[in-house]
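Structure first, then comments.
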2 protein chains.
Amino acid sequence: MLSEFDIIKQYFTRDITAYPEIIQGIGDDAAIWQQKDSTLVASVDTFLEGKHFFPDCAPEDIAYKALAVNLSDFAAMGAIPRWFTLALTLPEAKPDWLESFSNSLFTLAKQYDLILLGGDTTQGPLSITIQLMGTIDKNKILLRNSAKVGDQIYVSGTLGDAGLALQYLQKKIILSDQIAQAVLPKLHRPQAQVELGLALAGHAHAAIDISDGLAQDLGHILTASHKGADIDLEKLPLSESLTSALVRKDAESLALTAGDDYQLCFTIPQNDPLITQLSKSYQLTLIGEITEKPGLRIHQHGELYTPPIPGWQHFN
Amino acid sequence: MLSEFDIIKQYFTRDITAYPEIIQGIGDDAAIWQQKDSTLVASVDTFLEGKHFFPDCAPEDIAYKALAVNLSDFAAMGAIPRWFTLALTLPEAKPDWLESFSNSLFTLAKQYDLILLGGDTTQGPLSITIQLMGTIDKNKILLRNSAKVGDQIYVSGTLGDAGLALQYLQKKIILSDQIAQAVLPKLHRPQAQVELGLALAGHAHAAIDISDGLAQDLGHILTASHKGADIDLEKLPLSESLTSALVRKDAESLALTAGDDYQLCFTIPQNDPLITQLSKSYQLTLIGEITEKPGLRIHQHGELYTPPIPGWQHFN
């Protein structure tokens, strides 16, 4: 079975060297190109019932997250979101559903002063495709391919909370009401780190948003940058909800492999004073370092740790 | 049941007067906005199996049309297509299908020197959402709302051929092989009138592409422009395929109400010499005139004709 990455690489990647205005094409969190004196950015994400959200998910949460995941792509580039389009496929037009969905969408859009430019409405299985567009300072782009040897690797916020909420909804685990109420918003209403991304732009070398789990997403930075990394499992930032709900081992495993947290993972030169400054407003955790030697090595109490990911291999 | 237009109007239209950079928001063929010294254009269309194409439709035709309908939106604005994104939802990743789909997509893209900037791939019911972006001369935009009293109304090409092909595929009619082979490409591979749109820009007052049938699409121009029109049924351009397959009455009915032709309907001041010049390269047919009196009046042999559209009413 072809993966998403295989499909894109094999069928939809063409040589674009003849188009020097394309600063970043397929292969990062968003595309970037130069149009006269503007550097433009676009990202697109499809959000599908049964795949990205449960059939009983509240319309206000669906709308919020469909836009938030695109905002998170922008955060990971250091880009400013400005405009978006909406392609909405609906099984039926229920006024209550549409009212909740559209109000939630516009409430989040307003927070970022985003404008809905247009869209398309179709009758069919529930699916939301949002394309976000905006601008970026072309001298301060956060790409996946720019990690440097010796960079410190940071993550924002805590990891694994959305994964915990997902396991709860899938009835794989039982949570107290208090913990469930604490982690469900992490899954349904991820806070895109747009301001953090903009603050890091010009300082961090590489960045990605954690949508598929830290191990996989940091892996994208390493592959694109042709570098490796050592990270410490004990350093991963875990919430109190996560550590009280799960034994340490399972909590760390979720933090490493669960997606949907939409925090940022970035690499930055050692001792950049920006980190101290940003740490007043953001939870930023140093988890490891970029190495010349390829592969992602996860350390636990001095031993090499193998994450519970099917097909995982140490590349060293 | 809410129509697409109701949904957009009631739930997704917000006051954008605070954003003077938005030249055209929701409500035309594409959105147009000013970003520094660039005037940017975007349109988005979802193309869904079972709704916009039959389950056995060839992947090369699906790809072609999914991009062509967006190109047609650009034609109707007088815009230059430049970049696009693709959100592709697939039930399964079949290499043969992907090969045919992507080759056809890039072949059409190359004709217009379009660049695929990025996209998203998801597993689910077959659906293609393409967002096309580009630029436009801000002094030469073809809007729906700018028809003037006395303008002549023209359509390009012939009308009803795609509708005939659709009836054939739906087994509502039988066609000779020769006629079927002539009209099926009109349905599967509509030729977006991008060059014609660019040639009309700065001359025509209003334009729309005919995706939902002439009566409905010209109706959008009239509503947006607060004008009316008189058109002559006998003047509608019908192909030889259409008139040999159907009796005159049914052929005219299809030409008026069937969609998918993706020809342009535009209004232009009387006797603009551009028409004579363009008629050397394009089939352009004068079908009527814009009036102060609202409503679309269709004349047939001097009588008022009522098209076979559910809910159709003369507004005069």
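The values are calculated or read from the model by the stated rules, or taken from the named source; none is laboratory data. Remember, predicted model here, so these are calculated numbers, not experimental data. Here the Cβ is made from the backbone with ideal geometry for all residues, glycine too, and neighbour counts use every protein chain on show. For the accessible areas, the whole protein counts, side chains as well, though only heavy atoms, and no ligand, DNA or RNA atoms are used. Shrake-Rupley method; radii C 1.70, N 1.55, O 1.52, S 1.80 Å.
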Notebook entry, point to check: In region A:6-51, which residues give up 50 Å² or more of accessible area once the other protein chains are added, compared with their chain alone (1.4 Å probe)?
Noted result: A:Ile7, A:Tyr11, A:Phe12, A:Arg14, A:Tyr19, A:Trp33, A:Gln35, A:Asp37, A:Val44, A:Thr46, A:Leu48
Notebook entry, point to check: How large is the dipole of region A:32-95 about the Cα centre if only Lys and Arg carry +1 and Asp and Glu carry -1, each at its Cβ, rounded to the nearest 20 debye?
Noted result: 220 debye
Checklist line | Nearest-0.05 FRET efficiency for A:Gln277 and A:Glu99, computed from C-beta distance (R0 35 Å) | finding: 0.25
Notebook entry, point to check: Along Cα→Cβ at 7 Å, what distances in nm separate the A:Leu286 label point from those on the other copies, shortest first?
Noted result: 8.0
Checklist line | Residue order for A:Asp212, B:Asp73 - accessible surface, 1.4 angstrom probe, largest first | finding: A:Asp212, B:Asp73
Check: Label B:Ser244 and B:Asp56 with points 7 Å out from Cα along Cα→Cβ: what is the distance between them in nm?
Finding: 2.5 nm
Checklist line | Within 10 Å of each Cβ in B:102-113, the average number of Cβ atoms from other chains | finding: 1
Notebook entry, point to check: Using the Cα gyration tensor of chain B, with a ≥ b ≥ c the square roots of its eigenvalues, what is the shape: rounded (a/c below 1.5), prolate (a/b larger than b/c) or oblate (neither)?
Noted result: oblate
Notebook entry, point to check: Of A:Leu90, A:Leu236, B:Ala31, which is farthest along the charge dipole of the protein assembly as shown in the positive direction, counting Lys and Arg as +1 and Asp and Glu as -1 at C-beta?
Noted result: B:Ala31
Margin query: Compute, for the protein assembly as shown, the length of the dipole vector about the Cα centre, with Cβ point charges of +1 (Lys, Arg) and -1 (Asp, Glu) only. Units Debye, rounded to 20.
Written below: 480 debye
Next item on the list: Could you size up the charge dipole of region A:169-270 around its Cα centre, putting +1 on the beta carbon of Lys and Arg and -1 on that of Asp and Glu, and report it in debye to the nearest 20?
Entry: 160 debye
Note to self: Classify region B:216-285 from the C-alpha gyration tensor, please: rounded if a/c falls under 1.5, else prolate or oblate depending on whether a/b exceeds b/c.
What the structure shows: oblate
Next item on the list: Only helices at least 18 Å long along their axis, Cα-based, and averaging -1.0 or more on Kyte-Doolittle count here, so list those DSSP H runs from chain B.
Entry: B:59-77, B:95-111
Notebook entry, point to check: At what distance in angstrom do the alpha carbon centres of region B:1-34 and region B:93-110 lie from each other?
Noted result: 32 Å
Notebook entry, point to check: Summed for both chains, how many Å² of accessible area, to the nearest 100, are buried between A and B with a 1.4 Å probe?
Noted result: 5300 Å²
Check: So which of A:Lys9/A:Lys186; A:Lys110/B:Lys140; A:Lys51/A:Lys138; A:Lys65/A:Lys235; A:Lys140/A:Lys235; B:Lys51/B:Lys171 end up more than 23 Å apart by C-alpha?
Finding: A:Lys9/A:Lys186; A:Lys110/B:Lys140; A:Lys51/A:Lys138; A:Lys65/A:Lys235; A:Lys140/A:Lys235
Item checked: Heavy-atom accessible area ranking, 1.4 Å probe, most first, across B:Tyr19, B:Tyr64 -> B:Tyr19, B:Tyr64
Note to self: Let me check I've understood the local charge: for A:Leu126, count other residues with C-beta under 12 angstrom from its C-beta, Lys and Arg +1, Asp and Glu -1. What total comes out?
What the structure shows: -1
Margin query: Roughly how far apart, in whole Å, are the Cα centres of region B:216-236 and region A:243-262?
Written below: 61 Å
Next item on the list: Quick one: pull the percent of accessible area on chain B belonging to carbon and sulfur, 1.4 Å probe, ligands and nucleic acids left out.
Entry: 50 percent
Check: What aspartates and glutamates sit close enough to B:Lys36 to cross-link, taking a C-alpha to C-alpha distance under 15 Å and skipping anything fewer than 8 places away on the same chain?
Finding: A:Asp37, A:Asp137, B:Glu21, B:Asp137
Item checked: Copies compared at B:Gln10 - label distances in nm, ascending, label defined 7 Å from Cα in the Cβ direction -> 4.5
Next item on the list: Using the 7 Å Cα-to-Cβ label point, sort the distances from A:Lys171 to its equivalents in the other copies shortest first and give them in nm to one decimal.
Entry: 4.3
Item checked: Extreme residue, positive dipole direction of region A:120-233, given options A:Ile128, A:Gln191, A:Val155 (C-beta unit charges) -> A:Ile128
Note to self: Suppose all protein chains stay in the model; what accessible area per residue would a 1.4 Å probe give for region A:188-316, in Å²?
What the structure shows: 45 Å²
